Amino acid sequence: MLDGVSLADIPAGNQAQVIGFSDDFPEDQRAYLQAYGLVINDQIWVVQHSPVTIIRFDNLELALETALAEGIRVQISPVNKRQMMD
């Protein structure tokens, strides 16, 4: 399993870096996300989690079902880490 946290655990309004996918993440879903340009090392911004997770990256907004958001592994931006700990 990768380090980091699930995208679903990042509060809305925060930034994170994509570091990979969970071991059981479906390959077809990974290809789907990559077709939209979401790749490892991308910086993303979490817009919302309800009713779906919406992320913003490269001038694109993408809506993800909860199961997809849970399978995307991210590293929290250092600025956001400080904000989350306060």
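The values are calculated or read from the model by the stated rules, or taken from the named source; none is laboratory data. Since this is a predicted model, take the numbers as computed values, not measurements. In this analysis, Cβ positions are derived from the backbone assuming ideal geometry, glycine residues included, and neighbour counts consider all displayed protein chains. For the accessible areas, the whole protein counts, side chains as well, though only heavy atoms, and no ligand, DNA or RNA atoms are used. Shrake-Rupley method; radii C 1.70, N 1.55, O 1.52, S 1.80 Å.
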How much accessible area per residue does the chain have, in Å², with a 1.4 Å probe? 60
Ignoring everything except DSSP H segments at least 4 long, calculate the 222 nm mean residue ellipticity for the chain; use -39,500 (n - 2.57) per segment, divide by total residues, nearest 500. -7000 deg cm²/dmol
If I model a spin label at residue 61 and residue 23 as a point 7 Å from the Cα along the Cα→Cβ vector, what separation in nanometres do I get? 3.7
Could you compute how much accessible surface residue 50 exposes when probed at 1.4 Å, giving the result in Å² to the nearest 10? 90
If you count only protein heavy atoms and use a 1.4 Å probe, how large is the accessible surface of residue 24, to the nearest 10 Å²? 130
Identify, among 20, 47, 37, the residue whose Cα sits farthest towards the positive end of the charge dipole of the chain, taking +1 on the Cβ of Lys and Arg and -1 on the Cβ of Asp and Glu, with the dipole about the Cα centre. 47
Nearest-20 debye value, the chain charge dipole, Cβ charges on Lys, Arg, Asp, Glu: 340
To the nearest µm²/s, what D does Stokes-Einstein give for the chain at 37 °C and 0.692 mPa s, using the Kirkwood radius over alpha carbon pairs as Rh? 257
Ranking by accessible area, most exposed first, for 53, 66 with a 1.4 Å probe: 66, 53
